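**Student:** Following this message is one structure expressed as structure tokens.
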Amino acid sequence: MAAPAVLRTTEGGGSESFTVVLAAAPAGDVSIGIVSSDPNEGAAAPATLLFTPADWDVAQTVTVSGIDDCLADGNVSYTIVIGVAVSADPAYDGMDAADVAAVNEDDDAAGIAVTPTSGLTTTEAGGTALFEVALTSCPTADVTVPLASANDGEGTVSPASLTFTPANALTPQTATVTGVDDCGADGDAPYAIIVGPAASADAAYDGADGDDVAVTNTNDDIAGIAVTPTLGLATTEAGGTASFEVVLTSCPAADVTVPLASSDEGEGTVSPASLTFTPANALTPQTAIVTGVDDCRADGDAPYAIIVGPAASADAAYEGANGADVAVTNEDDDAAGLVVTPTSPLVTTETGATATFLVALASCPSDEVTVSVTSSDTSEGTVSLSALTFTPGNALSPQTVTVTGADDALKDGSVVYQVSVAVSASADQDYAGLAPATLDFTNSDDDTPGITIAPTSGLVTSEPGGTATFIAVLESVPSSNVTIDCASSNPAEGAVSPASITFTPADALVPRTVTLRGVDDPLPVADGDQPYTIVISPAASADPEYAGMDPTDVSAINVDDDVPGISVFPVSGLSTTESGGTAAFFIALDTVPTAAVTIGLRSSDTAEGTVSPAEVAFLADATALDAQTITVTGVDDALQDRDVTYAIVTDPAVSDDATYAAIDPPDVEVVNRDDDSPGIAVFPSGGLVTSEAGLSDILAVVLRSIPSADVTLPVGSSNAAEGVVSVDSLTFTPADALIPQYVIVTGIDDADADGNIAYAIILGPTSSADPSYDGIDPPDVSAVNCDDEGAPPGSAGWEAYDANPTLALSTKSDWDGASVSEPMVVKEAEGSYVLWYQGRNKVGQKHNRIGRAVSADGVVWTRSPETPVLSHSGIGGTFDEVDAGAPAVIFDGATYMMWYGGRGRSRPAIGLATSGDGIVWTKWSGNPVLRGDAGRFDTNGATSPHIVRTAGGVYVMSYTGTDGVGVTRIGMATSTDGMAWVKSAANPVLAGSPGAWDAGGVKEACMVLDAGTYRMWYAGFSNNVWRIGYADSPDAVNWTKYAGNPVLAPSGLATFDSKGVSSPGVLLEGTTFRMWYTGEDGAGVLRVGYAAN
């Protein structure tokens, strides 16, 4: 056997060998076993050596290999045991060779192996990395290795420790490193995982450290604005919303404000207008709401965007940063279409009952849309409007169409017909081809035999000839003529016309008007309101359905116009003189009494005046209506006591007629003119007005006492180029000293536009043989001459009719025998003029009523036989119980509308009546249409209306308002139907001008609408005289008075209009203005005059 002294093996598998050979050839096979004394340290191979006689001398090799363990146990000796030989050769059998010594070298050391120790990467998104830990040898006891992150803000390790047992010490255990997120954009961060020191009962391992593991945590934070979603959002025009979220991609160093805005606010809006992120909430998404905006056009779905950013922040990384814009679509909810409501049930009747429906467009068109409205059967129903026009501005505003049932005379039952609503024209192609809408209507039949009388009650006539009407009409077409008779149950109270009505099959459905006319008592007798009946006979006809049909009789009341009263006139303004001058007044009864009436008369101061007779007596007959003259005579004294006022006292009436016994007539005020001091009275003392157009004014002069000799007063003009006087002097004699003399001052024309020029009427000094009157120099009288150059149409240049008045009084007993005034003229056709006017009677009950006259030229007038055509109601509580006057008439070719002033027991107001012929009038049931307002300029009443109608169908009214102290001004009101009126907020629109010719008040305006300009003529008052002036306006609210006013003044002394002119009514024919006006004479009597310009 050849072997080293000691074999050396290693735990790493290192080996050595030795050889064995037999020394001599055996007789048989020799088997020798080979085994290690410590198999944990080394192993021998092969395990058996077999020598045969043939190869006994061939050496066989035994290889010894070291066996590894995990213990750090140092080098260990062991033996390769050579076993006892086994052979059939007894020489060899049992032979035991020497064993071989061996040493196994230890390769184990206590330590902690970590793999890998570098290059590991985690991420802030939670990305992980792995490493393994194992012991380098098997410990004698459990070993616990702690694991920890050097920076928990960047990464963590799991588990926190690894425990190795002797059994698993060499098995690697895995540790997981997880990146930790932060919200700062701080870049990639290195950190380490600390391995150890270990804890163990094995001293070799207790306190052992493994290599630390180097890790990098990859940053995932970038400064930015994240918007979600940025596509696919939709809003609706109905206000539908969508939302998106905005968040920062990292935490900023300072607050970040992100503005939000819509690229098209006509399609959508965003809320809020900005979002603010702080470092604390930067990563928390905030929600923005996008809301669709509606329009009325069918413009399709519209794209728009919500603009996100640029941001504002003290963090430079975020300053100016933009988020992605958000694409939004606003879904259109508009489509071209016709909106028609309602569509059913729609019913008209043959009686003319209507049904209405509304038409609007479903969306706003790009151009005007004309919609036609047609009836499929106009014999059953007609439409109020054949075409409707919708613009982009009013497309959604419904327009009303009224469908009126058409009558026929057939018993045809209810008939269905259609109304078509279709677009007839539009440049908007969406509307041009739109399908029409069709509405079904049913026209209800009304044809059953019958006779309609309406009304059958409530009719009122009045004694001065006031009328009322009812209509009679058949309810279906008869087979032959139908006749009914009408008769009054009391012809002394009311008459009926016509007395018989015949309906034929051709005109059976045409209403016939029956007129009731009140019959006056032969004499004014206060017999009260009297009822009577219009008896309608049973019908006569060959048609059996109508034969014998008895219509309803009609009840009526005839209003008595006779009220017991005692008229005393005048009751003021009378003067007597100390020289025995007299004055007169009159007394009459208003009705015939049932017994004689006696009234005592006496003077309150017989030292100033006496009255004759001392009493008046009226018999119970028609003579009671005749006025009796009472004479008052002045009484002289020797005192210069100036003018003294006294009264003629009228005692209460004495009579067996109880209605008169209670009446105390008004006393009469009289002034006794003192004749005991020299002086000259001039009236007016100033304010005379003339014009270059020839307008004159009047100056009155009278002596204050009787002189002993003639007194001559020189009269002249300070500027004869502006005004001249009718006389150069006035001479008063002792006989006529107390009789006023008049000077007419006439304006002089020039060609210069020099404005209104002031001048004076120079009076005195007087000359007289009476020393008390010689040298008296009364104050001069101021005057102004109004320039007429550049005068607007209808102002300067009026010329009064030479034969005025154009309408005079009727006879004393007629209804208009006392006065005619307030004219209103309508030209109905060429050569056909109609005048409505206010009239008043002299005797009996004195009421204003409205009359009618006709003319071929507007100058020569003939009263209509039906006058008065409109009377006071006489019914207590009505606004026109006492008076009806001041008419204003508009005629549209078919219907007359009259607005008039009414007076009852309270303040005057304005009413409305309508007529088909201008003669028979029907008062509106809702009267009055205009009243004064408490505390306003018209608090004491509204009257004297005048109306013009604009091209647009608006009625414009001027009227006179009277305030609480009696001052009159002019107001304006407008109406669309003539019934409901709205007063101007600027009222009063015209008032008197201080110190001017109209300083005392303005009233009774009339207007003409001339090519867009409102021209007004009105009455103005000053110096106890009414004159007529002119003003114009672009809007009937803001008026400019003519600088040359007044344009018409009294025509002279002792004329029908010497005291004043007022209530103008003007008609424009071509370029000529024609005026009818009221003139008042010295006795206060009113008549109608005429002038032209």
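The values are calculated or read from the model by the stated rules, or taken from the named source; none is laboratory data. Just so it is clear, the model here is predicted, and its values are computed rather than measured. With ideal geometry, Cβ positions are generated from the backbone for all residues, glycine too; neighbour counts draw on all protein chains shown.
**Student:** If I filter region 187-203 down to residues being farther than 19 Å from Val177 by Cα and surrounded by fewer than 16 Cβ atoms within 10 Å (Cβ to Cβ), which single residue comes out as nearest to the chain's Cα centre (by Cα)? Before you say what the answer is, go through the steps one by one.
**Tutor:** Of region 187-203, the ones farther than 19 Å from Val177 by Cα are 198-203.
Narrowing the set further to residues that are surrounded by fewer than 16 Cβ atoms within 10 Å (Cβ to Cβ) leaves 201, 203.
Working: Ala201: 100, Ala203: 102 Å.
Selected residue: Ala201.
**Student:** Which of the residues belonging to region 204-219 are out of contact with any Ser or Thr (no Cβ under 6 Å at 6 or more places or on another chain) and either surrounded by fewer than 21 Cβ atoms within 10 Å (Cβ to Cβ) or at pLDDT below 90 (or both)?
**Tutor:** Within region 204-219, Ala204, Gly207, Asp209, Asp212, Asn219 qualify.
**Student:** In the set Ser685, Ser705, which member is farther than 25 Å from Lys1059 by Cβ, assigned to a loop (DSSP other than H, G, I, E, B), among the small types (Gly, Ala, Ser) and touching a Ser or Thr at 6+ places or on another chain (Cβ under 9 Å)?
**Tutor:** Details: Ser685 fails: farther than 25 Å from Lys1059 by Cβ.
The unique qualifying residue is Ser705.
**Student:** Also: Working carefully through the options Arg642, Arg602, find the one that is modelled with pLDDT under 90, basic (Lys, Arg), out of contact with any helix residue (DSSP H, G or I) (no Cβ under 6 Å at 6 or more places or on another chain) and outside the structural domain of Val702 (by TED's automatic domain parsing). Steps first, answer last, please.
**Tutor:** Values: Arg602 fails: modelled with pLDDT under 90.
Arg642 is the lone residue from the list that is modelled with pLDDT under 90, basic (Lys, Arg), out of contact with any helix residue (DSSP H, G or I) (no Cβ under 6 Å at 6 or more places or on another chain) and outside the structural domain of Val702 (by TED's automatic domain parsing).
**Student:** A further question on this structure: Given the options Asp507, Asp521, name the one that is out of contact with any Ser or Thr (no Cβ under 7 Å at 6 or more places or on another chain), among the charged types (D, E, K, R) and loosely packed, with under 15 Cβ neighbours inside 10 Å. So that I can check it myself, show each step before the final result.
**Tutor:** Working: Asp521 fails: loosely packed, with under 15 Cβ neighbours inside 10 Å.
Among Asp507, Asp521, only Asp507 is out of contact with any Ser or Thr (no Cβ under 7 Å at 6 or more places or on another chain), among the charged types (D, E, K, R) and loosely packed, with under 15 Cβ neighbours inside 10 Å.
**Student:** Something else now. Looking only at residues that are modelled with pLDDT of 90 or more and of a type in the set (Lys, Arg) in region 802-845, which one is surrounded by the fewest Cβ atoms within 10 Å (Cβ to Cβ)?
**Tutor:** Lys827
**Student:** Another one. Looking at (1) surrounded by fewer than 16 Cβ atoms within 10 Å (Cβ to Cβ); (2) assigned to a loop (DSSP other than H, G, I, E, B); (3) at pLDDT 90 or above; (4) on the phi < 0 side of the Ramachandran plot, which one does Gly775 not meet, given that it meets all the others?
**Tutor:** Gly775 satisfies every listed condition except (4).
**Student:** What do you reckon, is Ser1062 crowded, with 16+ Cβ neighbours inside 10 Å, within 41 Å of the chain's Cα centre (by Cα) and among the hydroxyl-bearing types (Ser, Thr, Tyr)? Spell out the reasoning first.
**Tutor:** On the way: crowded, with 16+ Cβ neighbours inside 10 Å: yes; within 41 Å of the chain's Cα centre (by Cα): yes; among the hydroxyl-bearing types (Ser, Thr, Tyr): yes.
It is true that Ser1062 is crowded, with 16+ Cβ neighbours inside 10 Å, within 41 Å of the chain's Cα centre (by Cα) and among the hydroxyl-bearing types (Ser, Thr, Tyr).
**Student:** Kindly evaluate Val76 against the criterion of being in contact with a strand residue (DSSP E or B) (Cβ under 7 Å, 6 or more places away or on another chain) and more than 30 Å from Gly210 (Cα to Cα). Break it down stepwise before answering.
**Tutor:** On the way: in contact with a strand residue (DSSP E or B) (Cβ under 7 Å, 6 or more places away or on another chain): yes; more than 30 Å from Gly210 (Cα to Cα): no.
In short, no.
**Student:** Follow-up question, since we're still on this one. Answer yes or no: is there a residue in region 211-228 that is touching a residue at least 60 places away in the same chain (Cβ under 8 Å) and within 30 Å of Asp294 (Cβ to Cβ).
**Tutor:** yes
**Student:** Let me ask you something else. Can you tell me which residue among Ala1031, Ala999, Ala1083 is modelled with pLDDT under 95 and closer than 26 Å to Ala783 by Cβ? Steps first, please.
**Tutor:** Working: Ala1031 fails: modelled with pLDDT under 95; Ala1083 fails: closer than 26 Å to Ala783 by Cβ.
Only one candidate passes the filter, namely Ala999.
**Student:** What strands (runs of 3 or more DSSP E) lie completely within region 822-894 and have 1 or more residues being in contact with a Cys (Cβ under 9 Å, 6 or more places away or on another chain) and within 18 Å of Cys1006 (Cβ to Cβ)?
**Tutor:** Details: elements: 832-840, 849-855, 883-891.
Result: 883-891.
**Student:** Residues to consider are Thr400, Thr382, Thr389; find the one that is in contact (Cβ under 8 Å) with a residue 40 or more places away in the chain and not in a loop (DSSP other than H, G, I, E, B).
**Tutor:** Details: Thr382 fails: in contact (Cβ under 8 Å) with a residue 40 or more places away in the chain; Thr389 fails: in contact (Cβ under 8 Å) with a residue 40 or more places away in the chain.
Going through Thr400, Thr382, Thr389 in turn, the sole match is Thr400.
**Student:** Another one. Looking at Val967, Val956, can you tell me which residue is of a type outside the set (Phe, Trp, Tyr), touching a residue at least 60 places away in the same chain (Cβ under 8 Å) and outside the structural domain of Ile471 (by TED's automatic domain parsing)? Spell out the reasoning first.
**Tutor:** Values: Val967 fails: touching a residue at least 60 places away in the same chain (Cβ under 8 Å).
Residue meeting the stated conditions: Val956.
**Student:** When you look at Val359, is it closer than 27 Å to Thr257 by Cα and in a strand (DSSP E or B), yes or no?
**Tutor:** Numbers: closer than 27 Å to Thr257 by Cα: no; in a strand (DSSP E or B): yes.
Taking the combined requirement at face value, the residue does not satisfy it.
**Student:** For region 192-224, how many residues are touching a Pro at 6+ places or on another chain (Cβ under 7 Å) and of a type in the set (Asp, Glu)?
**Tutor:** Qualifying residue count, region 192-224: 2.
**Student:** Tally the residues that are assigned to a strand (DSSP E or B) and either hydroxyl-bearing (Ser, Thr, Tyr) or out of contact with any Phe, Trp or Tyr (no Cβ under 6 Å at 6 or more places or on another chain) (or both), restricting the search to region 420-452. Working first, answer last.
**Tutor:** Taking region 420-452 first, the residues assigned to a strand (DSSP E or B) are 420-426, 437-444, 451-452.
Pick out the ones that are also either hydroxyl-bearing (Ser, Thr, Tyr) or out of contact with any Phe, Trp or Tyr (no Cβ under 6 Å at 6 or more places or on another chain) (or both) and you get 420-422, 424-426, 437-440, 442-444, 451-452.
Here the count works out to 15.
**Student:** Same structure again: Take Asp561 and tell me if it is closer than 18 Å to Tyr660 by Cβ, modelled with pLDDT under 90, in contact with a Ser or Thr (Cβ under 6 Å, 6 or more places away or on another chain) and not polar (S, T, N, Q). I'd like the intermediate steps shown before the answer.
**Tutor:** Values: closer than 18 Å to Tyr660 by Cβ: yes; modelled with pLDDT under 90: yes; in contact with a Ser or Thr (Cβ under 6 Å, 6 or more places away or on another chain): yes; not polar (S, T, N, Q): yes.
So Asp561 passes the test.
**Student:** In the set Pro303, Pro310, which member is part of a strand (DSSP E or B) and modelled with pLDDT of 95 or more?
**Tutor:** On the way: Pro310 fails: part of a strand (DSSP E or B).
Result: Pro303 is the single residue among Pro303, Pro310 that is part of a strand (DSSP E or B) and modelled with pLDDT of 95 or more.
**Student:** Quick one: would you say Gly978 is assigned by TED's automatic domain parsing to the domain that holds Trp924 and buried (at least 22 other Cβ atoms within 10 Å of the Cβ)? Steps first, please.
**Tutor:** Numbers: assigned by TED's automatic domain parsing to the domain that holds Trp924: yes; buried (at least 22 other Cβ atoms within 10 Å of the Cβ): no.
Answer is no for this residue.
**Student:** If I filter region 326-341 for residues that are in contact with a helix residue (DSSP H, G or I) (Cβ under 9 Å, 6 or more places away or on another chain), over 30 Å from Thr404 (Cα atoms) and surrounded by fewer than 21 Cβ atoms within 10 Å (Cβ to Cβ), do I get at least one hit?
**Tutor:** Yes - at least one qualifying residue is present in region 326-341.
**Student:** Please go through region 568-589 and pick out each residue that is closer than 15 Å to Thr623 by Cα and either in the same structural domain as Glu881 (by TED's automatic domain parsing) or buried (at least 22 other Cβ atoms within 10 Å of the Cβ) (or both).
**Tutor:** Leu589
**Student:** Report, by residue number, each residue of region 721-742 that is of a type in the set (Ser, Thr, Tyr), part of a loop (DSSP other than H, G, I, E, B) and closer than 15 Å to Tyr773 by Cα.
**Tutor:** In the first step, residues of region 721-742 are kept if they are of a type in the set (Ser, Thr, Tyr); the result is 726, 729, 731, 733, 742.
Going one step further and asking which of them are part of a loop (DSSP other than H, G, I, E, B), we end up with 726, 733.
Thr733, the sole residue that qualifies.
**Student:** Here's another thing I want to ask about it. Tally the residues that are buried (at least 22 other Cβ atoms within 10 Å of the Cβ) and out of contact with any Asp or Glu (no Cβ under 8 Å at 6 or more places or on another chain), restricting the search to region 854-870.
**Tutor:** The qualifying residues number 3.
**Student:** Could you tell me how many of the residues in region 1074-1092 are under 44 Å from the mean Cα position of the chain (by Cα) and surrounded by fewer than 24 Cβ atoms within 10 Å (Cβ to Cβ)?
**Tutor:** The initial filter retains those residues of region 1074-1092 that are under 44 Å from the mean Cα position of the chain (by Cα), namely 1074-1078.
Those still in the list that are surrounded by fewer than 24 Cβ atoms within 10 Å (Cβ to Cβ) too: 1074.
The total comes to 1.
So that you can scan it fast, the table gives a plain yes or no per residue for (1) closer than 14 Å to Asp212 by Cα; (2) assigned to a strand (DSSP E or B):
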site: Val114; (1), (2): yes, yes
site: Thr117; (1), (2): yes, no
site: Gly126; (1), (2): no, no
site: Cys138; (1), (2): no, no
site: Pro146; (1), (2): yes, yes
site: Gly153; (1), (2): no, no
site: Pro166; (1), (2): no, no
site: Ala169; (1), (2): no, no
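**Student:** Would you check which residues across region 310-324 are in contact with a strand residue (DSSP E or B) (Cβ under 6 Å, 6 or more places away or on another chain) and surrounded by 16 or more Cβ atoms within 10 Å (Cβ to Cβ) and list them?
**Tutor:** Pass one, region 310-324, residues in contact with a strand residue (DSSP E or B) (Cβ under 6 Å, 6 or more places away or on another chain): 311-313, 318-319, 321, 323-324.
Matches in region 310-324: Ala311, Ala312, Ser313, Tyr318, Ala321, Gly323, Ala324.
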